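The values are calculated or read from the model by the stated rules, or taken from the named source; none is laboratory data. Quick caveat: nothing in here was measured; it's all calculated off a predicted structure. With ideal geometry, Cβ positions are generated from the backbone for all residues, glycine too; neighbour counts draw on all protein chains shown.
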Amino acid sequence: MISLPKIEHPIYRIKIPSIGKDHSFRPFLVKEEKLLLMAKESNNNNDIFISIKQVINNCSLDSNLNIDKASAVYALRLTGSAVTSFSPTPDSFITQTIGVGSTSVGRVLSYDNVTGVLKYWQDRTLAGFNTVGTAQTNPQYGYDLTRFTSSPTSGGNLTIVGGTVNLSISTSFSGFTTSINNKTYYLGQNFTNGLSNPEVKKYSGNIIYVDNRPAIRRSSSQKEDIKIILQF
């Protein structure tokens, strides 16, 4: 008698946007849950981040996928004669006129002057709000947070303004690798017509843990330190 294969856990196929390929994942098991609980109890943010990455890598059934190469930001592939000399300052503004009276604006995270890839972020402070969440009375770029585009409407263009020079979106480029001087560069994100979306979709996650804590009584003279950790 031939024994049937033993299925230990379900397997799910998920498409990774950065490379445009399907990968297999399994649900995390009790041993992975224990890792997360131990990391939480350590109250060490570095241990928590390491444990989360370890769990994701453990649950990936494809050896060529590494969570360290995932990206959560937007990116542009730029082209022009000044690609190598373009040097935007991190956190500075970049803009694109996408139509009559319509401008996209973002803030620089990083720029690679070899591959021409510029990574940027956008949030509501670029669309009529201050950093504390209050509305501006006369925002420079209006109240609509528009995305950069490879197909601007009438009155728009492909020029990215910012840094020391202006470049254009490389609308002819699609893919996640590029060859320069016979060397292949892996860009970490999948581009379509010079644009790349993040692998993390906002507001698509689920709350998997809620920690209800009692209210804390504070005095008017009490001082508190608040720490915020950002990881890209």
Looking only at segment 10-25, and only at residues there that are surrounded by 15 or more Cβ atoms within 10 Å (Cβ to Cβ) and either more than 19 Å from Tyr185 (Cα to Cα) or of a type in the set (D, E, K, R) (or both), the one that is modelled with the highest pLDDT: Phe25
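Could you tell me which residue of segment 95-129 is nearest to the chain's Cα centre (by Cα), considering only residues that are farther than 25 Å from Gly175 by Cβ and at pLDDT 85 or above?
Arg107
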Pairs with Cβ under 7 Å, 6+ apart, first in segment 136-155 and at positive phi, second modelled with pLDDT under 70 and assigned to a loop (DSSP other than H, G, I, E, B): Gly142/Gly128
Within segment 76-94, restricting to residues that are part of a strand (DSSP E or B) and within 19 Å of the chain's Cα centre (by Cα), the one that is surrounded by the most Cβ atoms within 10 Å (Cβ to Cβ) is Arg77
